[in-house]
Amino acid sequence: MTSDRLHSRFIVKEDVDSWTEFFKDPEAIALFPTFGLNSIEERANHWIERQITRYREHRYGLQMLIHKETGDCIGQCGLMAQEVDGVLELEVGYHILKKYWGYGYAPEAAMLFLGFAFNHDLADSVISIIDIRNIKSMRVADKNGLHREKQTRWLDLDVFIYRITAKEFQANQK
């Protein structure tokens, strides 16, 4: 998929090296689940394997975001099947390498995947699961028309669930 500045591609095992950069930044991963792993390399490898497993199990998965002009990997974004409070939901998730923060890549990428979800009737609504301390991700959700629905516990984290319905998304596009 492509947007004005980005294109996405499926993650492959060889992406571990480039994604290790994300896990090297303490600020970028401060609110990120550790999955019980300590080393940066283990966490990056686990994360890449997790997305590849999602693809194989037809639970969607994040994709690499590539800057069209430079070819640089700037982060990941995508749709993921998630269970929240016993309900299967479709989530749009995004993680941007810190050196690319503040350029509007997260909202641009998330909007691309929201559009894909709704244009292909994948769900009546899409959520974002956001740590209650993650102000930057809340701003991305707000920019893309998601609204805070509730606070809950997920993966041993206190999170907000943001949601947008297909009707709300379509109305925002007009």
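The values are calculated or read from the model by the stated rules, or taken from the named source; none is laboratory data. Keep in mind that what you see is a predicted model, and the values were worked out from it rather than measured. Backbone-built Cβ (ideal geometry, glycine too); neighbour counts: all protein chains shown. Heavy atoms of the whole protein, side chains included, go into the accessibility calculation; ligands, DNA and RNA do not. Shrake-Rupley method; radii C 1.70, N 1.55, O 1.52, S 1.80 Å.
Summary of values
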quantity: Count of Lys pairs (Cα-Cα under 28 Å; at least 8 positions apart or interchain) in the chain; calculated: 26
quantity: Rounded, prolate or oblate (a/c below 1.5 giving rounded, otherwise prolate when a/b exceeds b/c) for the range 29-97 by Cα gyration tensor; calculated: oblate
quantity: The range 62-127 shape via C-alpha gyration tensor axes, a/c threshold 1.5; calculated: prolate
quantity: Efficiency of FRET from Cβ geometry, D85 and R56, R₀ 25 Å, rounded to 0.05; calculated: 0.45
quantity: L155-K174 pseudo-label distance in nm [points 7 Å out on the Cα-to-Cβ vector]; calculated: 3.6
quantity: Label-point separation, N119 to Y103 (7 Å along Cα→Cβ), nm; calculated: 2.3
quantity: Structure-derived semi-axes √(5λ) of the Cα gyration tensor in Å: which label, when the choices are (i) 36, 24, 15; (ii) 31, 17, 15; (iii) 23, 19, 16; calculated: (iii)
quantity: The range 1-62 and the range 108-154: distance between their alpha carbon centers, rounded to Å; calculated: 18
quantity: Anisotropy class of the range 97-174 from Cα gyration tensor, a/c 1.5 cut; calculated: oblate
quantity: Efficiency of FRET from Cβ geometry, N38 and K167, R₀ 45 Å, rounded to 0.05; calculated: 0.50
quantity: Reference-scaled alpha-carbon Rg (2.2 N^0.38 Å with N residues) for the range 5-55; calculated: 1.16
quantity: With all protein chains modelled, accessible area of R153 [1.4 Å, Å²]; calculated: 130
quantity: Theoretical FRET efficiency, 1/(1+(r/R0)^6), r = Cβ-Cβ of H67 and F10, R0 22 Å, to 0.05; calculated: 0.80
